[in-house]
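See structure below.
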Amino acid sequence: MMTGFLSTFFSTHLPVLPVLLPLFTAVVLLLMGDGLGGGSQQAKPAKQRVLSMASVVLGAVFAWRLMTQADTGALTVYPLGGWQAPFGIVLVVDRLSALMLALTWTIAVPVLWYATANWDRRGRHFHALFHFQLMGLSGAFITGDLFNLFVFFEILLIASYVLMVHGQGAERFKAGLHYVVLNLAASTLFLIGLAIIYGLTGTLNMTDLALRVAKLNAEDAVLLKVGAMLLLVVFGLKAAIVPLYMWLPGAYAVTSAPVAALFAIMTKVGVYSIIRVHVGIFGEGAGHAAMVVEPWLLPVALITSVLGVLGALAASSLARLVAYLTIASVGMVLASVGLFSTASLSAALYYMVHSTLVVAALFLLVELIASQRGGAKDQLKPSNQVVQPITLGLMTLFAAASVVGLPPLPGFLGKLMMLQSASSSPAQVWVWSVVLGVGFLTLIGLARAGSMVFWNVLPEPPSPTASSAPSSAGFSTRTLASTLGLLALGLMLAVGASPMKRYTDAAAAQLADRDAYANAVLGPLGGPAAETTRPYRGGEGEVILPHSGAQP
């Protein structure tokens, strides 16, 4: 009986569990204390690590279960409190949100395992903050309305403010201050944009909004476009696009390796929001407000990618190089989104998964290398030879080949999909030139960094204690396994390229199906839902509303 109850409970409330699980875990971890004191306090770190890791693994299981369910074509709608949209708050899990959930939690497992080597003990409440961050990320990906997107943005940002300065240091505090100020300004613009949109449409539910914007007259649509452009600025700051990217290199380069690796998914929250809002709401079919960002998104994305790779070429440290490559990858993804076709959006999703995995792995790999270079750390200047040159060299070579896009790695497949999707676009020459040119310059930048680290070494032998690196997590079985795990996930993306592409193709097509979303979230004919479970006959799969309750 208990087994049946648990099975029913988890299947019924599965959509909300990726939000509630990290919330409750963080609260329990806070109640346990930080364990940094003496005496009996020393027993707490091990317990915290076990609880934290168990929660992240369970969250990954939930996320992959939701992705498997979404792959059937089902749109899962979870009305909080039983109040149906558009009056109540709903969580909506489709292929796109399930993909981002699975990516987030999959990265979280090796990153947290890496952090338990030492980084979690360099400041207070690391694990609680880590789970609050996961809560904000998960909520942002599955929320069904714009205001709660803002709420979850604030949750993940507040956690990221503290995680960024975790371990302290003047450089981190300075970068963190800039990061906080910019994001507070962006939050203000977010609220202004939401106010404009709500004032004109009377709703912030994404599905309801997609229906209402198409019915606005030309005069109201002008002001609505202003609100939409404000949201582009907000999401562009999160994603770090031109000219809003200058904060990222300094912030990501000075924060701890596991935090920077987790932050690899944070820029993708901005990308996801641009896709969700400017393709799903203000895309084709939005009446006078349709395609409002089309003239801007592609040029800005291409420029972002170019400036990102130029920054990588000029970087003076490995961490800054990877940070600039993060910007270049964001530009690449948004350039594909900016073509506004199903094929290009599918390519963008595939490449986004690849770039997030490889960037996260690179941030961890940078610290493994830096821990063995003595005082030079990750600076691109001659230093002692690293203690494990073959292991680290091969890992760097594999990651670099994937970033550049050498066949048959996923970077190559993603870029090939982008080039194919741009073949019928008027901007084909620009897209091809930037994609191929950025790849070539990335190869030069990574080759320069690799030769400096592994070949241009000082004649003195390495210090016998270089591998221990007491000031950081250093090189250990745990940190090595975590980094290899992320690299292996990238390799699996290449091996499973065909099913992954089928998934991203279906996700892109599903996002354009407004009728499916209206029928699932709002009920038949786009009205308030009157039933708790309704089969959807307008497309593949079915609508699932796992949570029933009183109607408004």
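The values are calculated or read from the model by the stated rules, or taken from the named source; none is laboratory data. Keep in mind that this is a model prediction, so the values were computed, not measured. All Cβ positions, glycine included, derive from the backbone under ideal geometry; neighbour counts span all protein chains shown.
At-a-glance table
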read-out: Flag for Ala102 being touching a residue at least 12 places away in the same chain (Cβ under 8 Å) and surrounded by fewer than 24 Cβ atoms within 10 Å (Cβ to Cβ); value: yes
read-out: Residue that is of a type in the set (Asp, Glu) and at pLDDT 80 or above, where the choices are Asp71, Asp34; value: Asp71
read-out: Any hit, region 394-402, residues being in contact with a Leu (Cβ under 7 Å, 6 or more places away or on another chain), closer than 26 Å to Trp105 by Cα and free of Cβ contacts under 8 Å to residues at least 24 places away in the same chain; value: yes
read-out: Hits in region 85-96 - residues which are in contact (Cβ under 8 Å) with a residue 60 or more places away in the chain and either touching a helix residue (DSSP H, G or I) at 6+ places or on another chain (Cβ under 8 Å) or under 19 Å from Asp513 (Cα atoms) (or both); value: Ala85, Pro86, Gly88, Val90, Leu91, Val92, Val93, Asp94, Arg95, Leu96
read-out: Condition check for Val77: over 19 Å from the mean Cα position of the chain (by Cα), crowded, with 20+ Cβ neighbours inside 10 Å, in contact (Cβ under 8 Å) with a residue 12 or more places away in the chain and assigned to a strand (DSSP E or B); value: yes
read-out: The lone exception for Phe475 - which of (1) at pLDDT below 85; (2) of a type in the set (Phe, Trp, Tyr); (3) assigned to a helix (DSSP H, G or I) it fails; value: (3)
read-out: Odd one out for Gly311 among (1) within 20 Å of the chain's Cα centre (by Cα); (2) closer than 25 Å to Leu364 by Cβ; (3) in contact (Cβ under 8 Å) with a residue 24 or more places away in the chain; value: (1)
read-out: Test for Leu230: is it touching a residue at least 40 places away in the same chain (Cβ under 8 Å) and within 26 Å of Ser329 (Cβ to Cβ); value: yes
read-out: Qualifying residue in region 95-114 (condition: over 23 Å from Leu204 (Cβ atoms), part of a helix (DSSP H, G or I) and over 17 Å from the mean Cα position of the chain (by Cα)); value: yes
read-out: Residue within region 454-462 that is surrounded by fewer than 21 Cβ atoms within 10 Å (Cβ to Cβ) and modelled with pLDDT of 85 or more present; value: yes
read-out: Residue in region 259-267 that is touching a residue at least 24 places away in the same chain (Cβ under 8 Å), polar (S, T, N, Q), more than 17 Å from Val330 (Cα to Cα) and not assigned by TED's automatic domain parsing to the domain that holds Ser329 present; value: no
read-out: Region 175-213, residues that are within 24 Å of Ala85 (Cβ to Cβ), in contact with a Phe, Trp or Tyr (Cβ under 8 Å, 6 or more places away or on another chain) and small (Gly, Ala, Ser); value: Ala210
read-out: Some residue of region 121-143 being under 15 Å from Tyr517 (Cα atoms) and either modelled with pLDDT under 95 or assigned by TED's automatic domain parsing to the domain that holds Val19 (or both); value: yes
read-out: Only listed residue being part of a helix (DSSP H, G or I), buried (at least 22 other Cβ atoms within 10 Å of the Cβ) and not aromatic (Phe, Trp, Tyr), chosen from Leu184, Leu149; value: Leu149
read-out: From Gly338, Gly374, Gly393, residue being surrounded by 24 or more Cβ atoms within 10 Å (Cβ to Cβ), among the small types (Gly, Ala, Ser) and not assigned by TED's automatic domain parsing to the domain that holds Phe263; value: Gly338
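Per-residue answers, yes or no, for (1) polar (S, T, N, Q); (2) on the phi > 0 side of the Ramachandran plot; (3) surrounded by 17 or more Cβ atoms within 10 Å (Cβ to Cβ):
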{"site": "Val387", "(1), (2), (3)": "no, no, yes"}
{"site": "Ala400", "(1), (2), (3)": "no, no, yes"}
{"site": "Pro407", "(1), (2), (3)": "no, no, no"}
{"site": "Ser433", "(1), (2), (3)": "yes, no, no"}
{"site": "Leu441", "(1), (2), (3)": "no, no, yes"}
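Yes/no matrix, rows are residues, columns are (1) touching a strand residue (DSSP E or B) at 6+ places or on another chain (Cβ under 9 Å); (2) modelled with pLDDT of 95 or more; (3) not aromatic (Phe, Trp, Tyr):
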| residue | (1), (2), (3) |
| --- | --- |
| Phe398 | no, no, no |
| Ala401 | no, no, yes |
| Pro407 | no, no, yes |
| Pro426 | no, no, yes |
| Ser433 | no, yes, yes |
